[in-house]
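Every number here is computed from the coordinates shown, using simple stated rules; none is lab data. This one's a predicted model, so the numbers in the text were calculated from it and none came from an experiment. Here the Cβ positions follow ideal geometry from the backbone for every residue, glycine too, while neighbour counts run over all protein chains shown.
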Amino acid sequence: MRFGLRLIALTAGIALLASCASKRDSQLSYNPKNFTAPDALAGTATLVTYRAGPGDVLNITIFNVESMSGDYQIDAAGNMVMPLIGTVAVAGKSTQEIGTDLTTRLDTRYLQRPQVTVSLKTTVARTVTVDGSVAAPGLYPIPDKPTLMKTIAMARGTSQGANPKKVVVFRQINGQRNAAAFDLTTIRNGTDADPIIYANDIIIVDGRQTNQTWTTLLQTVPLLGLFTRF
């Protein structure tokens, strides 16, 4: 009998802890309307480390051929289209490799000893950080049509002890770091929209697995007030 009562009490205690842990923070402003897209990301990769990817813009200069020189954006399939040459697969290549490929194509059929220079104009960072109480914290590639729910799913969802009602997204806007809070439960039931996630966003799910650094940062958020800059 005593064992049964203890089991009931233990179960009730666990349920109470879970209900306390999984709640919104009354000091946070959720789903702020002014949590806009981040600053445009200028390309900073070097010629040695850079590998072309979809969305990146390359500046291509062909000496004395202005009609072919200019900016070219890489499409979703990893290709770019140039006059005369047509479609060129460039994804995964360095600027030097792209330049060599273009030189060979032009020299073979169109120009004699062409001088081709390829440089990176802008690059699209294609990763997002998911940390805190998720099953597999880490750095993940941006999915197609990225949303908060889809991005957390890539980290195999929230872990045991997570607080789905307190998820904070950090983002660079107008030169300053900003943060906004979201509630996964209201997103799941359709009460709130599933927000768009952008490259370089940092997503922190509150809960037991949130490490001390992030816990400290999350604790400062109510004091700063969301929507907040810091």
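Things worth noting here:
- Applying 0.36 nm per residue to the separation of Met149 and Ala37 and subtracting their alpha-carbon distance, the gain on full extension is 38.6 nm.
- Virtual spin-label span in nm between Met82 and Thr216, 7 Å along Cα→Cβ: 5.1
- Hits among lysines - C-alpha to C-alpha of Lys165 under 30 Å, sequence gap 8 or more where chains match: Lys23, Lys33, Lys145, Lys150
- Amide hydrogen neighbours beyond the local backbone of Ala162, cut-off 5 Å, H modeled: Arg208
- With a Förster radius of 30 Å applied to the beta-carbon distance between Arg208 and Thr129, the computed FRET efficiency rounds to 0.95.
- Its relative contact order, with pairs defined as Cα atoms under 8 Å and 6+ residues apart, puts segment 57-122 at 39 percent.
- Hz values of 3J(HN,Hα) by residue in segment 52-64 - Karplus curve (6.51, -1.76, 1.60), Gly and Pro given as x: 5, x, x, x, 5, 10, 10, 9, 10, 10, 10, 3, 6
- Computed over the alpha-carbon atoms, segment 68-111 gives an Rg to Rh ratio of 0.93, Rh here being the Kirkwood radius from the mean inverse distance.
- Per-residue ³J(HN,Hα) for segment 153-158, Karplus 6.51 cos²θ - 1.76 cosθ + 1.60, θ = phi - 60°, Hz, x for Gly and Pro: 4, 5, 8, 6, x, 6
- Viscosity 1.002 mPa s, temperature 20 °C, Stokes-Einstein D of segment 31-179 from Kirkwood C-alpha radius, µm²/s: 119
- For segment 112-122, 3J(HN,Hα) per residue [Karplus equation, 6.51 cos²θ - 1.76 cosθ + 1.60, θ = phi - 60°, Hz, x = Gly/Pro]: 9, 6, x, 10, 10, 10, 10, 9, 7, 8, 9
- Applying 1/(1 + (r/R0)^6) with R0 = 22 Å to the Cβ-Cβ distance of Gln112 and Glu66 gives a FRET efficiency near 0.80.
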